[in-house]
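*Asks:* I have a structure I would like to understand better, so I am pasting it below and will then ask my questions one at a time.
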Amino acid sequence: MYDPDSARQTLKTAIARLASGDRDALEDIYRATSAKLFGICYRILGDEKEAEDALQDVYLTLWRRADRYDPERASPISWLATFARNRAIDRLRTGKVRGGSVPVDEAAPLADDAPLAEAALIDGERDARVHTCLDTLDDAPRKAIRSAFFDGHTYAQLAERADVPLGTMKSWVRRGLAKLKTCMEAGE
Amino acid sequence: MTDERRPDAVLAAEYALGLLEGEELMAARVREGADPSFAADVMRWQDRLAPLADDIHPRVPREDVWARIEEELQKDRGTAEVAELHRRLRRWQWAGGLSAAAAVALAFLALPVINGPAPEPTNIAVGPGLAQPPLAANMPIEGTPLRLDLTYLPDAHSLLVTAVGLSADGVHDHEIWLVPPEGDLISLGVVTPGVVQAHSVPLDAARFMADGSKLLLTREPLGGKPQDSAAGPVVAQASFATI
């Protein structure tokens, strides 16, 4: 039976093992999370090779910095997802990458479903509040916030793509974020 | 809401989402390192937003990505010792007393480990590559709450540069220099902001690396000091101490 708590606990334990210097823990973490994190890197970078480099970077950094994870804090997969997304965005911003998002219909052909099943086990967060809270926003801020998250777009890029002045985009997004915060806090 | 007035929590969200650029981004990074309540806001937003990634289709990386990671791990032969060293270094830093801002930055790195029992020093002595005592230096960067941590592993000829919390401004790089007893400064490489990076130390520098050795940090054009011009302004300095 699927038990998200125990999947999460297993991952937390693996991160703790890694932080204490157990190198084998990294392979366990990789097997359990790489499909999710690679999906994130690929979504943001839009390039297989770049995403592979980013992924490699994520796990090597994790090995060196596993002690940054605070087990009292978020779910470990959220922490890893944030970590992967930030590394991918850093890479995107260094300018070497063409960037841009992957078209939705290019949902990757998948080599092997086993790791995915495992990744899905750890997720267990699909009902998270952010989804419903985002849906309460107006169209424009919702789209902009999603695009910032999924494509790594900055304010300037969002404004350009929506063909509105920068100030307009900022005020849309800020109002949206303030509203999102209120909605999220209502459930925290 | 005008451009200048925005609540911190919204700024934290903008930063967590990656909307900011240029000076705003740098200012937010500095605050994240220096202001615990802002840093907590950022973390809270990261945790709130992270489940959005559930909408991203997972993708299985090619098998040789793991092979490459493993290969890097093997190459990284000092790493176990480096992890151990981080722990030693931290105890040394806590013992040495830090400014509040530096302590915050450090707490970021150190959270889960501080409470743990101190590892036996014998673990270090018997480990490969740590026969000679490592050297450490803290380099506070003038006019900012940031600092650079430098750790030298004599047996690996490796200088570990911790520049977490520092961010690139896109215009300058910072270069680390060893000041030998006489003669020209010896470059120890250009700082990579935001990461912990191992620099290999040239032999002519290694023989001068000792307790009390002086280090300088200069501001240079991107890529470091150009060959045909003088080093840029000194923005920080420090001395090595044995740990």
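*Asks:* Could you list all residues from segment B:126-167 that are assigned to a loop (DSSP other than H, G, I, E, B) and modelled with pLDDT of 75 or more?
*Replies:* Filtering segment B:126-167 for residues assigned to a loop (DSSP other than H, G, I, E, B) gives B:127-134, B:141-146, B:157, B:163-167.
Answer for segment B:126-167, where residues must be assigned to a loop (DSSP other than H, G, I, E, B) and modelled with pLDDT of 75 or more: B:P133, B:P134, B:H157, B:A163.
*Asks:* When you go through (1) at the interface with chain B (Cβ under 7 Å from one of its Cβ atoms); (2) surrounded by 24 or more Cβ atoms within 10 Å (Cβ to Cβ); (3) at pLDDT below 95 one by one for A:R64, which number turns out not to apply?
*Replies:* (2)
*Asks:* So in segment B:176-194, with the set limited to residues that are crowded, with 22+ Cβ neighbours inside 10 Å and touching a residue at least 40 places away in the same chain (Cβ under 8 Å), which one is farthest from B:A28 (Cα to Cα)? Even if it seems obvious, please write down each step before you answer.
*Replies:* Step one: filter segment B:176-194 for residues crowded, with 22+ Cβ neighbours inside 10 Å, giving B:176, B:178, B:188, B:191.
Right, trim to touching a residue at least 40 places away in the same chain (Cβ under 8 Å) and you get B:176, B:191.
On the way: B:I176: 25, B:V191: 20 Å.
Once the filter is applied, the top-ranked residue is B:I176.
*Asks:* Would a scan of segment B:224-231 turn up a residue that is crowded, with 17+ Cβ neighbours inside 10 Å, at pLDDT 85 or above, of a type outside the set (S, T, N, Q) and within 24 Å of A:L60 (Cβ to Cβ)?
*Replies:* Yes.
*Asks:* Here is a further query. Give segment B:200-243 a look and list any residue that's closer than 20 Å to B:H174 by Cα, among the charged types (D, E, K, R) and not in a strand (DSSP E or B), or say none.
*Replies:* B:K225, B:D228
*Asks:* Got at least one residue in segment A:43-56 being at pLDDT below 85, surrounded by fewer than 23 Cβ atoms within 10 Å (Cβ to Cβ) and either more than 8 Å from chain B (Cβ to nearest Cβ) or closer than 19 Å to B:I69 by Cβ (or both)? Quick ask: steps written out before the conclusion?
*Replies:* First, the residues of segment A:43-56 that are at pLDDT below 85: none.
Looking for residues that are at pLDDT below 85, surrounded by fewer than 23 Cβ atoms within 10 Å (Cβ to Cβ) and either more than 8 Å from chain B (Cβ to nearest Cβ) or closer than 19 Å to B:I69 by Cβ (or both), one finds none in segment A:43-56, hence no.
*Asks:* List the number of the failed condition for B:E70; all other conditions in (1) modelled with pLDDT under 85; (2) assigned to a helix (DSSP H, G or I) hold.
*Replies:* Of the numbered conditions (1) modelled with pLDDT under 85; (2) assigned to a helix (DSSP H, G or I), the odd one out for B:E70 is (1).
Matching residues to (1) assigned to a helix (DSSP H, G or I); (2) in contact with a Pro (Cβ under 6 Å, 6 or more places away or on another chain); (3) at pLDDT 55 or above:
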position: A:A88; (1), (2), (3): yes, no, yes
position: A:K96; (1), (2), (3): no, no, no
position: A:V102; (1), (2), (3): no, no, no
position: A:L110; (1), (2), (3): no, no, no
position: A:P115; (1), (2), (3): yes, no, no
position: A:L137; (1), (2), (3): no, no, yes
position: A:A140; (1), (2), (3): yes, no, yes
position: A:G167; (1), (2), (3): yes, no, yes
position: A:V173; (1), (2), (3): yes, yes, yes
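*Asks:* Mind checking which pairs have a first residue in segment A:12-40 that is in contact (Cβ under 8 Å) with a residue 12 or more places away in the chain and more than 10 Å from chain B (Cβ to nearest Cβ) and a second that is among the polar types (S, T, N, Q) and assigned to a loop (DSSP other than H, G, I, E, B), Cβ under 9 Å, 6 or more apart or different chains?
*Replies:* Partner pairs satisfying both residue conditions: A:K12/A:S75.
*Asks:* So, in segment B:36-64, of the ones that are crowded, with 18+ Cβ neighbours inside 10 Å and assigned to a loop (DSSP other than H, G, I, E, B), which residue ends up nearest to the chain's Cα centre (by Cα)?
*Replies:* Filtering segment B:36-64 for residues that are crowded, with 18+ Cβ neighbours inside 10 Å and assigned to a loop (DSSP other than H, G, I, E, B), the one nearest to the chain's Cα centre (by Cα) comes out as B:P61.
*Asks:* I'm trying to understand the selection: among the residues of segment B:19-28, which are facing chain A (nearest Cβ under 8 Å) and either β-branched (V, I, T) or in contact with a Leu (Cβ under 9 Å, 6 or more places away or on another chain) (or both)?
*Replies:* Of all residues in segment B:19-28, those facing chain A (nearest Cβ under 8 Å) come to B:19-21.
Within segment B:19-28, B:L19, B:L20 qualify.
The values are calculated or read from the model by the stated rules, or taken from the named source; none is laboratory data. Computed from a predicted model, the values in this text were never measured in an experiment. Don't worry about glycine lacking a Cβ; one is built from the backbone with ideal geometry, like all the others, and counts go over all protein chains shown.
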